[in-house]
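Heads up, the thing below is written out as structure tokens.
The values are calculated or read from the model by the stated rules, or taken from the named source; none is laboratory data. Because the structure is a prediction, the values reported are computed rather than measured. All Cβ positions, even for glycine, are placed from backbone atoms using ideal geometry, and neighbour counts span all protein chains on display. Just so you know, the surface numbers come from the protein's heavy atoms only, side chains and all, with ligands and any DNA or RNA stripped out. Shrake-Rupley method; radii C 1.70, N 1.55, O 1.52, S 1.80 Å.
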Amino acid sequence: RLAGSARVVSGRGANDVLSEGTRQRLLYRYLLDMVVRDSQAGCRRIRRENPWFRRPILQARSGVDANELAAVEPLPRMEIGAEDGELLIAVLDRPGRWMGSPDLLEAAIRARSRAREWTPPVRLVVFGEVDAQTRAELLRRAEARDDVRVSLLGVRRPAETLRILASCDIMARPTRVEALSYAVLEAMA
């Protein structure tokens, strides 16, 4: 700020207390020009939880360009490794505490067990980073089944990711910590 440059500090998560302690409050008071949240309720809560903060607190709505996404050309299903008649579930995953694809695989197995006669085979189309242990677990568990399959596509460029999403029937974002990702908004669009 002293050099005349704008700085953007991105905070992840739902912590509405800007910072604890006198030193941190001084840093926020003098170095932060504003706080931007994605909800009006979040803006009100920050104001309520941090009465000492006198800078603007603004709302910026999350969103994607639905018209641009509507023009995305789906990737042919066979390029994903899919067979005819499969229900494709796109799974965006990340390593570490976000990794939820094993839970989703278990849910797909349970759903297929309960509704075997009237549901098509399911293929989880997993893309993104998948650590070696999770990769091995997914393949081992799917290998033992004929009605739930897995395609591990790895990390893809954003344009190709959108084409994969357009090819799938369902998109799942199995996570325990992320509230609303842009990937979910893009899949909905």
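Protein chains only, probe 1.4 Å: how do Ile170, Ile109 rank by accessible area, largest first?
Ile170, Ile109
Taking 0.36 nm per residue of sequence separation and subtracting the Cα-Cα distance, how much length would be gained by fully extending the chain between Ala189 and Asp169, in nm to one decimal?
5.9 nm
Just flag the trypsin sites (Lys or Arg not before Pro) in the range 52-86 sitting in loop per DSSP whose Cβ has no more than 10 other Cβ atoms within 10 Å.
The qualifying sites are Arg54, Arg61.
List the equivalent ellipsoid semi-axes of the range 56-184 in whole Å, largest first, each obtained as the square root of 5λ for an eigenvalue λ of the Cα gyration tensor.
Here the semi-axes work out to 26, 18, 14 Å.
Please list, ordered by chain and number, the residues whose modelled amide H lies under 5 Å from the amide H of Ala90; skip anything fewer than 5 residues away on the same chain.
Amide H neighbours of Ala90, under 5 Å, 5+ apart: Val125, Asp169, Ile170, Met171, Ala172.
Just the accessible area for Cys168, please: 1.4 Å probe, Å², rounded to the nearest 10?
20
Under a crude label model (7 Å from the Cα following the beta-carbon direction), how far is Glu117 from Ala71 in nanometres?
Label-label distance for Glu117 and Ala71, simple model: 4.8 nm.
Kindly report, to the nearest 10 Å², the accessible surface of Arg45 as traced by a 1.4 Å probe over protein heavy atoms only.
Estimated to the nearest 10 Å², Arg45 gives 100 Å².
Can you give me the long-range amide H partners of Gln59? Hydrogens built in the peptide plane at 1.01 Å from N, cutoff under 5 Å, separation of 5 or more residues or another chain.
Arg37
Going by Cα centres, the range 117-189 and the range 17-88 are how many Å apart?
For the range 117-189 versus the range 17-88, the Cα centre distance is 23 Å.
Could you pull out the chymotrypsin sites (Phe, Trp or Tyr not before Pro) across the range 67-170 that fall in loop regions by DSSP (anything but H, G, I, E, B) with no more than 15 other Cβ atoms inside 10 Å?
Qualifying residues, ordered by number: Trp118.
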